[in-house]
């Protein structure tokens, strides 16, 4: 019995809850079978596949193209770019596994095409080191519409840290720390007046790659308000530079500037 496409959203949501530890796999299967006309074995296999994708394991149970596409798209939206890339590698391992495990190996072009489309359309654009080529670095700052941004005339999809964009977490962070940059102290309202009131980026102290899916953000412990410039500098390193390190960079640079000014004045 095949699972109809219009039930995939329910299966995915339940599987994600299992991964997050909100419900047991058995309870999820029982609920789905009770509420929808679904085959318990197929549901169980799909839940196992999602868990494997999120953990970077090779999912070995077959699913149709629609289901793989739905899972990958929503992993990107719900768990972020790093987890998505892990899931995409798992999907590639799944495709390889089924091609090599058949009695007569053959390429499943529909799966390969899906893999290629996700690589092209959903991966973050990385800067190139090639000589003579332009580089574009996209930082996880507050973009009004994170789903689409025009970069040099081309529509590209990028993602940002969901924790940084959670409006409730963001507001609680700002209520606690204020809207001035925690690194350099810049305050948009003081500089620009009313139009700058409350404007600030919110930075996550820990890279999402080290968090994974089992995580609930604490706005005071995990987030800090930073100006766009400092936010970009924090993401100049991987893993993300600490706020204390960036302050040290600023202090050293400012000390050098003062020495230069003193030398000029002595001339």
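By the gyration tensor of its Cα atoms, with a ≥ b ≥ c the square roots of the eigenvalues, what is the shape of region 28-83: rounded for a/c under 1.5, prolate for a/b over b/c, or oblate?
It comes out prolate by the Cα gyration axes.
What is region 5-122's relative contact order, in percent, from Cα pairs under 8 angstrom and six or more apart in sequence?
Values: 107 pairs, mean separation 25.5, N = 118.
Relative CO of region 5-122 lands at 22 percent.
Determine, from the Cβ-Cβ distance of residue 112 and residue 197 and an R0 of 45 Å, the FRET efficiency 1/(1 + (r/R0)^6), rounded to the nearest 0.05. Don't skip to the end; give the middle numbers.
On the way: r = 51 Å, r/R0 = 1.13.
The pair residue 112/residue 197 has a calculated efficiency of 0.30.
In what sequence, highest mean first, do 65-75, 186-196, 25-35 appear when ranked by Cβ atoms within 10 angstrom?
Peptide ranking by packing, descending: 65-75, 25-35, 186-196.
With a Förster radius of 22 Å, plug the Cβ-Cβ distance of residue 64 and residue 35 into 1/(1 + (r/R0)^6) and report the FRET value to the nearest 0.05. Numbers along the way, then the final one.
Numbers: r = 21 Å, r/R0 = 0.97.
That pair, residue 64 with residue 35, gives E of 0.55.
So, in nm, how far is label residue 96 from label residue 232 when the simple model puts each one 7 Å beyond its Cα toward the Cβ?
Spacing of the two 7 Å Cα→Cβ label points: 3.8 nm.
Between the alpha-carbon centers of region 1-25 and region 55-72, tell me the distance in whole angstrom.
Centre-to-centre (Cα) distance: 12 Å.
Computed from the coordinates by the stated procedures, all read-outs in this text should not be read as laboratory data. No experiment lies behind these values; they were computed from the predicted model shown. Cβ atoms come from the backbone with ideal geometry, glycine included; neighbour counts cover every protein chain shown.
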